[in-house]
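See structure below.
Throughout, read-outs are computed from the coordinates displayed, never taken from laboratory work. Keep in mind that what you see is a predicted model, and the values were worked out from it rather than measured. Note: ideal-geometry Cβ built from the backbone for every residue, glycine included; neighbour counts use all protein chains shown.
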Amino acid sequence: MNQKKIGEFLKELRKEKGLTQEQLAEKFYVSNRTVSRWETGSNLPDISTLIELADFYNCDIREIINGERKSENMNEEEKKNLKAVAEYAEEDKATLLKRVRTTSIVALLRLCCAS
């Protein structure tokens with residue numbers, strides 16, 4: 001796996017969409033520095049983000065990992081599965097965020113009651 005090649009491909013995909021690093025960062029709730037690191041190959045997105053990026057760019061996750069397009073048409077079943085995994089990842093993030101909020105509220109209530 002060539003991280004630099006992957007990064008260059010991610011940059012190419014972003015530019016095809018006409019987005020800046022900052023705009024992409026906003027869409028994926030990361031910093032533009034994170035996007036920059038992806039595109040230079042110094043760091044790679046986690047698997048759930050990688051799946052979401054593939055869906056966003058309408059390409060196969062294997063194409064991203066290989067750093068190049070293999071085919072213009074993604075198999076419909078693969079696309080359906082990819083969307084399902086991305087939706088699952090999004091639900092997982094939402095659940096985690098709810099837990100963090102609940103934990104924070106409970107901690108604040110304990111602090112207030114302890115005073």
Among Asp60, Asp46, Asp92, which one shows the highest mean-square fluctuation when the chain is modelled as a Gaussian network with alpha-carbon springs under 10 Å? Asp46
Per residue of the range 18-25, what does 6.51 cos²θ - 1.76 cosθ + 1.60 with θ = phi - 60° give for ³J(HN,Hα)? Whole Hz please, x for Gly and Pro, Karplus curve as stated. x, 10, 8, 4, 5, 5, 5, 4
Along the range 87-104, Karplus-curve 3J(HN,Hα) (6.51, -1.76, 1.60; θ = phi - 60°) to the nearest Hz, with x for Gly and Pro, reads 5, 4, 4, 5, 5, 4, 4, 5, 4, 4, 4, 4, 4, 5, 4, 4, 4, 5
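Net charge near Arg62: determine it from the other residues with C-beta under 12 Å of the C-beta of Arg62, scoring Lys and Arg +1 and Asp and Glu -1. Don't skip to the answer; put the middle values down first.
Working: positive: Arg69, Lys70; negative: Asp60, Glu63, Glu68, Glu78.
Value of the local net charge: -2.
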Work through the residues other than Glu52 whose Cβ is under 13 Å from its Cβ and net out their charges, Lys, Arg +1 and Asp, Glu -1. -3
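Can you pull out the chymotrypsin sites (Phe, Trp or Tyr not before Pro) in the range 11-98 that DSSP calls coil and that have at most 10 other Cβ atoms within 10 Å?
Values: sites: Phe28, Tyr29, Trp38, Phe56, Tyr57, Tyr88; in loops: Tyr29, Tyr57.
Passing sites in the range 11-98 are Tyr29.
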Share of Cα-Cα pairs in the range 44-114 beyond 16 Å, whole percent, is 58 percent
